[in-house]
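Written below as structure tokens is the structure these notes are about.
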Amino acid sequence: MSIDLTYQRRYNCDQCPTRCDGRSKSAYIFADDLQLAHQTEDWLLAHLTTLLPWQGQKTPATAHGLPDLELRYGDRVCARIEVKAQGRAFMAVKRLLPHAALRPYETVALNLSDLERYMTLYEQEQIPLFIIWCVRRPCLGAGCWGQTITALRTIYQQEGERRRYRRRSTASDYVDGQHKGVTVNYHFSLRELLPLEELEQQFAQLVCVK
């Protein structure tokens, strides 16, 4: 489902659970985020494998630091895909990142360390790497949008620190004494990404010979 990026007051904002009013959420429940991430990965993997001629699979748990999904032909990896499930808007983006030229409802985030790691991984492997955000927001609807790591790297190089934000840690970031929550994010606009339908076309055009 494509997202209409033209804001419309199509519902009562006073009843919105994720209002773009500049107030940050006080708790970041890691377990809830992880469950949603796994569900989104499962859905996207099932969706892509019905459309593409390759085998899709989750990246083995032992392969630390790699994106969530792999598209394979035999024993060859054709593409890597990192999947992000995001609902709540970065409500305070205009106040906290005034020079980023981002609006709350169209903003998506990526762990900065992930972005840097995937840029390095692509340079080393030269295997196509995509980041896909699956977004559900009351004022927009639901849909999946993404980009290649090379396109995101260009934005990162152009925007620099204007898109980077570090939030304070909260008690909910810690699980069994270990810090699990993401506190440093880099932000992109949905307007800079491609809808899933166009990404599927890019996947179909990839050449992967066994």
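None of the figures in this text is laboratory data; all of them are computed from the coordinates on show. If you're wondering where the values come from, they're calculated on a predicted model, not measured in any experiment. So basically every Cβ, Gly included, is an ideal-geometry build from the backbone, and we count neighbours across all protein chains shown.
Side notes on the structure shown:
- Estimated FRET transfer efficiency when R0 is 22 angstrom, pair E123-Y73 (beta carbons, to 0.05): 0.45
- Protection proxy ranking of 126-136, 86-96, 36-46, 196-206 - average other beta-carbon atoms within 10 Å, highest first: 126-136, 86-96, 36-46, 196-206
- Here the calculated FRET efficiency for T50 and A151, from their Cβ-Cβ distance with R0 = 25 Å, stands at 0.45, rounded to the nearest 0.05.
- Cα centre as origin, Lys/Arg/Asp/Glu Cβ charges: segment 129-168 dipole, Debye: 320 debye
- Neighbour net charge for I149 - beta-carbon separation under 12 angstrom, K R +1, D E -1: -2
- Net charge in the neighbourhood of G56 (other residues with Cβ under 13 Å of its Cβ; Lys, Arg +1, Asp, Glu -1) is -2.
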